[in-house]
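Beneath this line is the structure, given in structure tokens, with notes to follow.
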Amino acid sequence: MKAVILAGGTGNRLHPIDSDVPKAMLPVFDRPLIEHTIIQLSRHGIREVVVALSYRARDIVGYFGDGARWGVKIRYSVESRPMGTAGALGLLRDIIDETFVVVNGDVVQDIDITRMITEHKAAQARITFAIARSETPEQYGVVKLDDSGAIAGFVEKPRSSDGAVESVSAGVYIMEPDVLASVSYGVAANLETDLLPRMAANGGELAGSVQEFYWRDIADLVSYRAAHKDILAGKAIIEIPATHIGEGIWLGDNVTVHPSAELIPPVFLGKNVTVRPGAVVRGGSIIGENTLIDDSATVANSIIGQGTWVGAGSEIDNCVIAGGSSVSSESVVRDYACLAAAQSPGAAAREIASEVRV
Ligand code: GDD
Ligand code: MG
């Protein structure tokens, strides 16, 4: 079976961490976001993946190549301008001729895809989608279920919601290939605003898979941090690429922690991280690979991007620091998303203060 990962959108609410990488490549525990999806698909026996791209396609193709490393064959469909979620699928109609899986590339989830496929076949639906429950349904595609549990309507981002928890699409679908014939080839269109409402109105074409699963759309820095915390807390079946040495401490290969430094769980230190004498890492912190936490620095409740230097004596609390940053020695940085690249000493606080609060 084939799967399509939709990864052609732009992540414009993730500044500053997405200024250098497309959203699909945002590191989640030192793995690009869609690498977790590719691992999941492979685990469910999917052997062919098409990544539908447009923005910064080269970064993604360069990293995943032919997919051999993940045991899948990866192909790419590159849109010269974003074709919308349905338009992107429409371009694939010559290579898809059997039931297939579609996954939004910006979602961290552990949905049981094998079970969805079984349910899809049993329901004889044209599209089955994973249904989650949400307290903020206005941010998602809302699924209206009738009394028998059948799908009676689909409304993408309804303007008003009265605060009630509603059923929403988690952005993972099983589809029949004839769905692609319902999309005009080469014309930009969206699944959520064009195709799904129409099919819901026809009746009998859509089915929902309701199961317990972890799901989070990485739309902004708040959800980016929440996903990390949830995975550290074991709420999702998502592999952390490091050794769990016990008691909530994950260490990548070649990590060096000085005996006088302190790790207070839960924490993740990616490969080649160095924690120098007297430094402290604590409170759900995620330290990206190749990062140096210098003498007596403290990092708490923060995500530090790959290849960052955290200067001696600095204190970072409740922050997201973009990869490749330098945090000057003795800086105190709290409650911010920071792009602190190559700062001169003393400039840290001013530059950081102009960044986004998370
Ligand atoms: N190839 C391609 N081309 N991919 C696209 C395009 C495009 O033109 N536009 C968006 N995508 C990809 C994005 O990269 C993302 O991975 C996915 O499609 C969904 O787009 P978002 O822009 O993130 O949509 P959303 O989060 O507001 O809403 C969608 O996801 C929700 C679940 O997380 C919808 O599918 C909702 O119905 C759903 O509830
Ligand atoms: Mg999204």
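We did not get these values from a lab; they are worked out from the coordinates using the rules stated. Just so it is clear, the model here is predicted, and its values are computed rather than measured. No Cβ is skipped: glycine too gets one built from the backbone with ideal geometry, and neighbour counts run over all protein chains shown.
Points worth noting:
- Angle between the chain longest axis and helix 33-43 axis [Cα atoms, degrees, rounded to 10]: 60 degrees
- Taking Lys and Arg as +1 and Asp and Glu as -1, the other residues whose beta-carbon sits under 11 Å from that of Asn104 total -2.
- Under 5 Å from the amide H of Ile264 lie the amide H atoms of Val281, Arg282, Gly283, each residue being 5 or more positions distant or on a separate chain, with H modelled from the backbone and absent for Pro and chain starts.
- Counted by Cβ distance under 10 Å from Glu192, the other residues give a net charge of -1, where Lys and Arg count +1 and Asp and Glu count -1.
- When the Cα positions of Leu91, Phe29, Gly149 are compared along the charge dipole of the chain, Leu91 comes out farthest toward the positive end, with charges on each C-beta of Lys, Arg, Asp and Glu.
- Cα-based shape type of the range 16-110, given that a ≥ b ≥ c are square roots of the gyration tensor eigenvalues and the cut on a/c is 1.5: oblate
- Comparing Ala200, Ala181, Gln211 along the charge dipole axis of the range 166-256, the residue lying farthest to the positive side is Gln211, per the Cβ-charge model.
- With both residues required to sit in the range 173-325, DSSP beta bridges show an antiparallel share near 10%.
- Helix 221-232 and the long axis of the chain differ in direction by around 80°, with both axes built from C-alpha atoms.
- Between Asn104, Asn290, Asn202, the GNM of the chain built on Cα springs shorter than 10 angstrom shows Asn202 fluctuating the most.
- Formal net charge of residues neighbouring Thr291 (Cβ-Cβ distance under 11 Å; K, R +1; D, E -1): -2
- The charge dipole of the chain, taken about its Cα centre with unit charges on the Cβ of Lys, Arg, Asp and Glu (plus for the first two, minus for the last two), comes to roughly 420 debye.
- Between the range 170-198 and the range 214-239, the alpha-carbon center distance in angstrom: 28 Å
- Here the 3J(HN,Hα) profile of the range 207-217, calculated from phi with Karplus coefficients 6.51, -1.76 and 1.60 at θ = phi - 60°, is 10, x, 10, 9, 8, 7, 7, 8, 7, 8, 7 Hz, Gly and Pro shown as x.
- Integer Hz, Karplus 6.51/-1.76/1.60 couplings in order for the range 145-153, x for Gly and Pro: 9, 7, 4, 8, x, 7, 7, 10, x
- Based on the Stokes-Einstein relation at 4 °C and a viscosity of 1.567 mPa s, and on the Kirkwood radius from alpha carbon pairs, the chain is assigned a translational diffusion coefficient of 60 µm²/s.
- Relative to the longest principal axis of the Cα atoms of the chain, helix 113-123 runs at roughly 20 degrees.
- Karplus (6.51, -1.76, 1.60) ³J(HN,Hα), θ = phi - 60°, over the range 61-77, in Hz, Gly and Pro reported as x: 4, x, 7, 8, x, 8, x, 3, 4, 9, x, 10, 9, 10, 10, 10, 10
- Computed [θ] at 222 nm, deg cm²/dmol, the chain (DSSP H ≥ 4; -39,500 (n - 2.57); rounded to nearest 500): -5000 deg cm²/dmol
- Exposure proxy ranking for Tyr224, Tyr140, Tyr63, based on other Cβ atoms within 10 angstrom of each Cβ and starting from the fewest, stands as Tyr63, Tyr140, Tyr224.
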